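Below: one structure, written as C-alpha cells.
The values are calculated or read from the model by the stated rules, or taken from the named source; none is laboratory data. No experiment lies behind these values; they were computed from the predicted model shown. Here Cβ is always computed from backbone atoms with ideal geometry, including for glycine, and neighbour counts include all displayed protein chains.
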Amino acid sequence: MHRRGIWLMVFVLAVLALLPPVARAEFNLTAGQMKAALRTATIEENGFIDKILVLMHRKVLPENLVASTFLWARKKPKHKFQYFKYALKLRAADRGIRIPF
C-alpha cells in the first residue's frame, strides 16, 4: 500500500506539471483601498502608500511583491500598516531594492 501511495503522488505531480500555468490576477487596488485596509492613521503613512504605488507603477517594485505583502499584512489583527511597511522594506531589500522613505 505504501508503494502505491508513492506512485500515486508521482502521477499527480506529473499531471500537475503538464497543466498550463494559471493566469495571475492583476493587482488593481487603489491607494484609497490600501489605506483603508491597512488602517493608515497619519499623513506620513498615507504618503508611504502613495509612494509605494508610484514605485510599483514605474516598475521599480515588482507588483507581486507589493500585492503579496499587502495581502499578508491586512490579515494581521493590529498594526496592519506597520507590518506592511516593515515587511515590504525587508522583502525589497532581499531583492536588492532599497526603499528610502
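Descriptive notes on the structure:
- Scanning segment 50-83 for residues that are among the aliphatic types (A, V, I, L, M) and under 14 Å from the mean Cα position of the chain (by Cα) yields ILE52, LEU53, MET56, LEU61, LEU65, VAL66, ALA67, LEU71, ALA73.
- Checking each residue in segment 55-86 for being closer than 16 Å to PHE101 by Cβ, in contact with a helix residue (DSSP H, G or I) (Cβ under 7 Å, 6 or more places away or on another chain) and aliphatic (A, V, I, L, M) picks out MET56, LEU61, VAL66.
- Reported count of residues in segment 12-58, each being hydroxyl-bearing (Ser, Thr, Tyr) and modelled with pLDDT of 95 or more, is 2.
- Every residue from segment 61-101 that is of a type outside the set (Asp, Glu) and either in contact with a Pro (Cβ under 8 Å, 6 or more places away or on another chain) or surrounded by fewer than 13 Cβ atoms within 10 Å (Cβ to Cβ) (or both): ASN64, LYS75, PRO77, LYS78, LEU90, ALA93, ARG95, GLY96, ARG98, PRO100, PHE101
- Within segment 74-84, the only residue that satisfies the criterion of being in contact (Cβ under 8 Å) with a residue 12 or more places away in the chain and more than 16 Å from THR30 (Cα to Cα) is LYS80.
- Those residues of segment 35-54 which are closer than 19 Å to ILE97 by Cβ, surrounded by fewer than 16 Cβ atoms within 10 Å (Cβ to Cβ) and of a type outside the set (Val, Ile, Thr), in sequence order: GLY47, ASP50, LYS51
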